[in-house]
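Here's the structure we're looking at; comments come further down.
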Amino acid sequence: MAVARKKSRKNNTTKKITKIGITTDTLTSRGGVTLFAKYLEKTQILTWLGMLFGILRRSAKGQPIETIFKQVLCYLMDGMSRHLTYFDHLKKDKGYAASLELNTDELLSSHGVKRFYKAFSMPLVWSFRKLLKQLFLWRLRLKTPPVIILGIDSMVMDNDEAVKRHGVQPTYKKKKGFHPVQMIWERFLVDAVFRGGRKHCNAGNTVAQMVRDVVKLIRAKYQEDVAIIFLLDSGFFDEKLFHVFESLKVGYVCGGKMYKDLTDLAENMPDQRWSQYTKGNEGWKYFDFDDKRESWSRRRRAILCRFTPQDPQQVFDAFRPLTILYTNLGMGEAIDEILHQVGRDDLLEAEPILRMAHGRGRDELVHRAFKDFGFEELPFKRFAPNAAFYYTMAVAHFLYECFKEDACEGIIPVQSYANTFRRKVIDTAMKIVQTGHEIWIKFTQATWDSLQLDQFWERCNNPPKFVWV
């Protein structure tokens with residue numbers, strides 16, 4: 001005879017939510033912003049921003065410049081909205097104010113942010129470039145690399161769908177927008193020139209002056225005999241620029257243009273004259289020779305290379321990309337001796353030069369990371385406020401990368417894009433509690449464990465200090 005089983009009572013013990021209400025506790029869903037704000041304070045970057053742009057504070061009744069930049073930098077780190085009206089929402093949030101260690105009446109409105117950026121003139125905007133280069137020196141002194149490899153590239157900021165903006169013009173990508181040229185070191189933007197969309201990559205004397213300024217700064221403030229190498233694509237293929245590099249005694253690897261005589265040379269070259277370079281599942285055949293274009297004053301080293309997949313049937317010969325690189329490495333110039341002194345003679349060989357050139361793809365990843373962190377459509381109609389906001393995003397992105405290195409090592413990978421970082425670090429629930437003369441911030445045990453918040457908090461309070469040199 002079957003015995004009837006007792007009904008499980010587990011379903012009856014499930015707790016159902018039947019009411020909602022309002023809490024008077026001070027809460028925020030952006031707990032990670034507190035950690036970033038503390039990092040900004042302890043690095044002393046806010047103090048230097050206040051000194052650099054203090055002229056914008058016209059009255060003692062206005063907000064301190066340090067407080068304004070603190071809120072804008074945290075707004076960019078938050079990344080919840082790309083609209084300045086989001087400041088009006090934040091102004092009503094007591095938890096957000098407490099997380100920035102501010103009173104609610106100190107929080108900016110969207111109108112306050114607009115007034116602040118509309119006060120910028122172009123001469124003052126260029127001060128951001130000085131700041132970026134000082135931040136670059138700060139990181140150089142922490143890492144002390146014997147060879148500094150800098151990439152130069154332009155980046156299109158698509159403003160095609162924005163209301164008419166001063167400086168928004170057709171770009172080579174067939175989108176209307178801005179077209180800044182940027183200098184990159186590892187994951188950092190170290191210098192940039194904000195420009196209208198119709199400016200081509202190597203327009204005017206912009207890039208040459210950027211190179212002169214950065215090389216002078218590195219040798220004066222970091223190390224006089226450090227090896228410096230610039231990586232560029234074919235958009236910067238210009239003998240005048242090569243002369244600048246050579247006169248400064250720095251190295252360069254620049255993509256060239258495939259003229260018909262070079263194509264004919266590749267087609268008629270016997271197979272035994274080509275060398276093979278392999279990286280992972282990909283490979284290239286290359287030919288190392290000296291070349292002189294018709295308008296040039298001298299011959300330069302050139303490396304002609306053709307993509308050769310592991311399976312030759314993947315790409316027909318006629319469709320395999322043929323590219324050429326020009327460089328002064330290995331030509332007996334001053335840069336060769338500098339590389340020899342630091343023990344990097346390997347960089348004078350063809351294969352390491354090809355690796356550096358192919359590594360230029362990392363610069364594109366920095367552009368992607370920058371756009372992922374900030375936004376392309378800028379909020380103002382006039383050029384100067386948009387330029388100032390662009391440079392603020394560049395500074396914020398630089399500090400975001402520093403924050404990952406200095407405070408998040410071993411917790412969040414430094415290669416993480418902003419969206420991943422925000423979901424894991426910034427979007428954390430936090431409770432602010434005031435007891436006696438102390439203010440505590442409290443997290444759940446799960447968040448405490450996953451972010452190792454005891455170490456995280458200690459690192460945020462003891463980061464490397466930023467000093468203007």
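The values are calculated or read from the model by the stated rules, or taken from the named source; none is laboratory data. The structure presented is a predicted model; accordingly, all values stated were derived computationally and were not measured. Please note: Cβ atoms are built from the backbone with ideal geometry, for glycine as well, and neighbour counts cover all protein chains shown.
Here Ala203 meets the list (1) assigned to a strand (DSSP E or B); (2) surrounded by fewer than 17 Cβ atoms within 10 Å (Cβ to Cβ); (3) among the hydrophobic types (A, V, I, L, M, F, W, C) almost entirely, failing just condition (1). The C-beta contact set for the stretch 200-227 (first residue farther than 14 Å from Val250 by Cα, second residue charged (D, E, K, R) and part of a helix (DSSP H, G or I), distance under 7 angstrom, 6+ apart or interchain) comprises Tyr222/Arg141. Checking each residue in the stretch 391-424 for being of a type in the set (Phe, Trp, Tyr) and crowded, with 20+ Cβ neighbours inside 10 Å picks out Tyr391, Phe398, Tyr400, Phe403, Phe421. When Ile439, Ile432 are checked against the criterion of being under 25 Å from Gly79 (Cβ atoms) and part of a strand (DSSP E or B), Ile432 stands alone in meeting it.
Look at the stretch 246-260 and say how many of its residues are in a loop (DSSP other than H, G, I, E, B) and either β-branched (Val, Ile, Thr) or farther than 12 Å from Ser234 by Cα (or both).
Step one: of the stretch 246-260, the residues in a loop (DSSP other than H, G, I, E, B) are 248-250, 256-259.
The next check asks that each one be either β-branched (Val, Ile, Thr) or farther than 12 Å from Ser234 by Cα (or both); those that pass are 248-250, 259.
Summing the residues that are in a loop (DSSP other than H, G, I, E, B) and either β-branched (Val, Ile, Thr) or farther than 12 Å from Ser234 by Cα (or both) in the stretch 246-260 gives 4.
From the list Tyr96, Tyr39, the lone residue that is surrounded by 18 or more Cβ atoms within 10 Å (Cβ to Cβ) and modelled with pLDDT under 95 is Tyr96.
Selection within the stretch 261-319: residues that are modelled with pLDDT under 85, part of a strand (DSSP E or B) and among the hydroxyl-bearing types (Ser, Thr, Tyr). The member of this set that is farthest from Lys240 (Cα to Cα) is Thr278. Reported count of residues in the stretch 127-150, each being closer than 11 Å to Phe188 by Cβ and outside any helix (DSSP H, G or I), is 1.
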